[in-house]
1. Mind checking which of Trp193, Leu96, Leu155 is farthest towards the positive end of the stretch 72-201's charge dipole, using Cβ charges of +1 (Lys, Arg) and -1 (Asp, Glu) about the Cα centre?
2. Remind me, relative contact order of the stretch 83-174 in percent, using alpha carbon pairs under 8 angstrom and six or more residues apart?
3. If you count, for each residue, the other Cβ atoms within 10 Å and average over each peptide, how do 96-106, 247-257 line up from highest to lowest?
4. Taking the Cβ of Thr212 as the center, what net charge do the other residues with Cβ under 12 Å away carry, scoring Lys and Arg +1 and Asp and Glu -1?
5. For the stretch 104-155, run through the chymotrypsin sites (Phe, Trp or Tyr not before Pro) and keep only the ones in DSSP coil with at most 10 other Cβ atoms within 10 Å of their Cβ.
6. Can you give me the Rg/Rh ratio for the stretch 94-176, using Cα atoms for both radii and the Kirkwood formula for Rh?
7. Please order Ile197, Ile108, Ile211 by the number of other Cβ within 10 Å, starting at the fewest.
8. Can you give the net charge of the other residues whose Cβ lies under 12 Å from the Cβ of Cys163, counting K and R as +1 and D and E as -1?
Amino acid sequence: MVQFLTALIQKMNPFKTIFQAIVFLFAINISFAQQVEKPIITQNQLPEFLTQNSLAYSDAQLEKANYYNMLTLSDTTVMLKNGTTYPPAHRDFRRLGYDSAMYVGAAIAAFGILYAMPESVTNWDKEDMKENGIFHKWKENVKAGPVWDEDDWVLNYITHPYCGGIYYMTARSSGFTIFESFLYSAFMSTFFWEYGIEAFAEIPSKQDLIITPVLGSVVGEGFFYAKKSILRHDHRVLKSRFLGYTSLALMDPFNTLLDSFGYKERVKTQMNVAPVGFDQGAHRPIWGLNFNMQF
């Protein structure tokens, strides 16, 4: 969807370079200009009466407390107030499927909008499409490509990496690894966009086939850590929820949209090691496995 909007701006706005640069810098700045605040809560974080390095135990009379060294239990997974985690503990194929379906739906809607516009705006040969069918031009462009395009540098080296970062975040926010998210970005940028939607109007581009997934994955991983920081700060950037939600929408639009509709995993499980009691005779904590499942 972002690439469709970019293509439309490229055709209609003579100041596209300035506009695209401002949008990109705005997205980066508000994402990383976080003020340092105390995180809300992280997965496996200990209760308030237990510190990371000691265990405090008080008897019924609260007369005395014993302190013991304990194993540090912490990771970088964000536990939100509603009990959900980011990123998901497991690969959420259902979420990824919904996101991919939204890509297809947005592409169909955008294609219809562009087709309804004048040829002076899109530079599409509608007569050729009507005479030979919409797939005729696609076949010609696929056979002719890929080629080294001469698009504006902002389009090739800023907009396409940004779009690749969005593809990457779609998978990364669904619980997939860095490599798996890179493969998803490469698949979407190659088959969904270059040899898919864009091939109806243009010949696939060599540099876009490389730059979009490679640089896009680097940008996307930065978005991933920025999103964790924003969620840890209660969806705020510079103490503003408006900037927080705007940043999330720019970095991870489809997952943000899913979450706004209240998407939840069908089954959530969590298992960790935690103190489950205290042996007064031995003066030591009793450790056990804590397993939690939510439907």
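Please treat every number below as a calculation from the coordinates, not as lab data. Bear in mind that the values here come from a model prediction, so they are computed numbers and not experimental data. Cβ: placed from backbone, ideal geometry, glycine included. Neighbour counts: every protein chain shown.
1. Result: Leu96, furthest along the dipole toward the positive end.
2. Value for the stretch 83-174: 57 percent.
3. Peptide ranking by packing, descending: 247-257, 96-106.
4. Around Thr212, the charge tally is -2.
5. Trp148
6. Radius of gyration over Kirkwood radius for the stretch 94-176 works out to 1.04.
7. Ascending Cβ contact count within 10 Å gives the list Ile108, Ile211, Ile197.
8. With Lys, Arg at +1 and Asp, Glu at -1, the net is -3.
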